[in-house]
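A short write-up of the structure that comes next.
The values are calculated or read from the model by the stated rules, or taken from the named source; none is laboratory data. Small disclaimer: the values here were computed from a predicted structure and weren't measured. Cβ sites come from the backbone with ideal geometry, for glycine too, and all protein chains shown count toward neighbours.
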Amino acid sequence: MNYAEPTTVDEALDVLAEHGDDAKVIAGGQSLLILMREGFVRPELLVGLSGIPALRELEIDGAARVGAMVTHAEVGRDDRIAERWPLLGVAERSVSTVQVRNRGTLGGSVAHAFPTADAPAALIAGDARVALASKRGGSREVAAEEFFVGVMETVAEPDELVTAITLPPQPDGARWAYVKYAIRPLDFAIVGVAARVVLAGDGTIAEARIGLNGAANHTLRATDAEAALTGREPTPEVLAQAGRAAAAQSKPLADVDGTEDYKRRVVGVYTTRALQQALG
């Protein structure tokens, strides 16, 4: 195995353009190294991003731009994120252990696209976008709900690099919650629900965005639950109806943590709980 450590984004893109599928990008190494250790991935070339200062920037100027190499810990403890994008801050502080948060990166987690990772649901609920770059196609941004398409599968091409995650200013008066069901707090979520709700002046729900971890083979936006909420008063029955809609839309994967039916019921319960917490 060979190793390249570019010092600029352009250098990294040159390497990816040359090697394509034979190269794997390594950020914090908290996901890729495990796959390599278990023999699931055998890249001919590792492209390390730790030598690219531009990817370590966390810029706040109305919107937020989180460079691909900013760690979970840095996002989770940033006061500006806590004030303006609290949903992402809470999700980042829910990631595994202190050691993993100190090494793992938000960009790496997004690129890895594990369907039960914490942050992606919060990114969907927060209307985030994933910034990509390549030599072939230049720069583009993809909405978070469109970026994840399967287990460890995204719309990114082999020669594209995740350079940043961007979040727009959140709506005035937005209410939010992230709830996570896991055997231990340090584990991946069996089911995680991120909810952002905005109330109209008459008390009805003007807007709702809900992201689900563990509800399908990729992080899922619960559009049916959002539709069940919009324009209605947030009564207990309406919130329960939204939970049922999220459960019906979900297509969880059966594994050692539970059957499809069991996880679907958890999705419903935790969606309702997230909405109750957000509106409480």
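Scan the range 248-259 and tell me whether some residue there is modelled with pLDDT of 95 or more and part of a strand (DSSP E or B). So far as the range 248-259 goes, yes, one or more of its residues are modelled with pLDDT of 95 or more and part of a strand (DSSP E or B).
Evaluation of Ala125 against the conditions (1) under 12 Å from the mean Cα position of the chain (by Cα); (2) small (Gly, Ala, Ser); (3) surrounded by fewer than 24 Cβ atoms within 10 Å (Cβ to Cβ) shows that the sole unmet condition is (3).
I'd like to verify a number: residues in the range 218-247 that are part of a helix (DSSP H, G or I), among the small types (Gly, Ala, Ser) and under 14 Å from Ala208 (Cβ atoms), how many? The total comes to 7. Asp224 meets the conditions (1) crowded, with 16+ Cβ neighbours inside 10 Å; (2) without any contact (Cβ under 8 Å) to a residue 60 or more places away in the chain; (3) touching a strand residue (DSSP E or B) at 6+ places or on another chain (Cβ under 9 Å) in every case but one. The failed one is (3). Can you say whether Ala82 is in contact (Cβ under 8 Å) with a residue 12 or more places away in the chain, surrounded by 14 or more Cβ atoms within 10 Å (Cβ to Cβ) and out of contact with any Asp or Glu (no Cβ under 9 Å at 6 or more places or on another chain), as far as the supplied structure shows? No; evaluated as a whole, the condition is false for this residue.
Filtered by the rule that a residue be among the small types (Gly, Ala, Ser) and without any contact (Cβ under 8 Å) to a residue 24 or more places away in the chain, the range 171-206 gives Ala182, Ala200, Gly201.
Can you find a residue in the range 98-107 that is within 16 Å of Tyr181 (Cα to Cα) and either surrounded by fewer than 23 Cβ atoms within 10 Å (Cβ to Cβ) or at pLDDT 95 or above (or both)? Taking every residue of the range 98-107 in turn, none turns out to be within 16 Å of Tyr181 (Cα to Cα) and either surrounded by fewer than 23 Cβ atoms within 10 Å (Cβ to Cβ) or at pLDDT 95 or above (or both). Filtering Leu45, Leu58, Leu32 for residues that are assigned by TED's automatic domain parsing to the domain that holds Val95 and in contact with a Lys or Arg (Cβ under 8 Å, 6 or more places away or on another chain) leaves a single hit, Leu58.
For Glu92, indicate whether it is within 23 Å of Ile210 (Cβ to Cβ) and among the acidic types (Asp, Glu). Yes: the conditions hold for Glu92. Might you check whether a residue that is at pLDDT below 95 and either touching a helix residue (DSSP H, G or I) at 6+ places or on another chain (Cβ under 7 Å) or assigned to a strand (DSSP E or B) (or both) occurs anywhere in the range 2-9? Taking every residue of the range 2-9 in turn, none turns out to be at pLDDT below 95 and either touching a helix residue (DSSP H, G or I) at 6+ places or on another chain (Cβ under 7 Å) or assigned to a strand (DSSP E or B) (or both).
Quick grid of which residues meet (1) among the acidic types (Asp, Glu); (2) more than 14 Å from Val193 (Cβ to Cβ); (3) under 23 Å from the mean Cα position of the chain (by Cα):
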{"residue": "Leu220", "(1), (2), (3)": "no, no, yes"}
{"residue": "Ala227", "(1), (2), (3)": "no, yes, yes"}
{"residue": "Ala242", "(1), (2), (3)": "no, no, yes"}
{"residue": "Ala245", "(1), (2), (3)": "no, no, yes"}
{"residue": "Gln249", "(1), (2), (3)": "no, no, yes"}
{"residue": "Asp257", "(1), (2), (3)": "yes, yes, yes"}
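Residues in the range 130-166 that are part of a loop (DSSP other than H, G, I, E, B), out of contact with any strand residue (DSSP E or B) (no Cβ under 9 Å at 6 or more places or on another chain) and either among the hydrophobic types (A, V, I, L, M, F, W, C) or surrounded by 21 or more Cβ atoms within 10 Å (Cβ to Cβ) (or both): Val151, Met152. Selection over the range 42-61 of residues that are under 22 Å from the mean Cα position of the chain (by Cα) and either in a loop (DSSP other than H, G, I, E, B) or among the hydroxyl-bearing types (Ser, Thr, Tyr) (or both) gives a count of 3.
Checking every residue in the range 49-66 against the condition of being loosely packed, with under 14 Cβ neighbours inside 10 Å, within 15 Å of Leu106 (Cα to Cα), without any contact (Cβ under 8 Å) to a residue 12 or more places away in the chain and of a type outside the set (Lys, Arg) gives at least one match.
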